[in-house]
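To keep things clear, I will list the structure first and then write my remarks on it.
The values are calculated or read from the model by the stated rules, or taken from the named source; none is laboratory data. Being a predicted model, the structure only gives us computed values, none of them experimental. Counting neighbours? That spans all protein chains shown, and the Cβs are built from the backbone with ideal geometry, glycine included. The area values use the complete protein model at the heavy-atom level, side chains included, leaving out ligands, DNA and RNA. Shrake-Rupley method; radii C 1.70, N 1.55, O 1.52, S 1.80 Å.
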Amino acid sequence: MRYFASARAASGVEQETLQLPVGASVSEALGVLRERHPEKLPRVLEAASFLLDGIAVRDRSRPLPDGAELDVLPPFAGG
């Protein structure tokens, strides 16, 4: 897991490793993150976008391959 911007602030870390069962989904990984960082991160995760090994993930039921890198990208302002 890598966190950016407000996701980094909400989790209190820049990155962390999750140990998940084989075949775990993006959604299951997010559930673990909500449990680990219950105060602020769940709110950020609701609005965030995700990259799985550099590719945008829209289907949160997608399985995570072993050794995958999941990035949490909160909404960005600007133009």
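Magnitude of the charge dipole for the chain, about its Cα centre and with charges confined to Cβ atoms of Lys, Arg (+1) and Asp, Glu (-1), is about 260 debye. Here is the list for the range 27-74: GluC sites (Glu not before Pro) lying in DSSP coil, each with at most 11 other C-beta atoms within 10 angstrom of its C-beta, are 39.
In percent, rounded to a whole number, the relative contact order of the chain is 40, using alpha-carbon pairs under 8 Å and six or more apart. For the range 6-12, putting each phi into the Karplus relation 6.51 cos²θ - 1.76 cosθ + 1.60 with θ = phi - 60° gives couplings of 5, 5, 5, 5, 5, 7, x Hz, in residue order, rounded to whole numbers and with x for Gly and Pro. Summarised in one figure, the compactness ratio Rg/Rh of the chain, Cα atoms and Kirkwood Rh, is 0.94.
Of the accessible area of the chain, computed with a 1.4 Å probe over protein heavy atoms only, carbon and sulfur atoms account for 50 percent. Put a dot 7 Å past the Cα of residue 5, heading toward its Cβ, do the same for residue 56, and the two dots end up 1.4 nm apart. Under 5 Å between amide hydrogens, built in the peptide plane, is the criterion, and for residue 25 it picks out 64 among residues at least 5 positions away or on other chains.
Considering only 50, 65, 22, and ranking their Cα positions along the charge dipole of the range 16-79 that arises from unit charges at the beta-carbon of Lys, Arg, Asp and Glu, the one farthest toward the positive end is 50. Take the chain with all the other protein chains still there, run a 1.4 Å probe, and you get 64 Å² of accessible area per residue.
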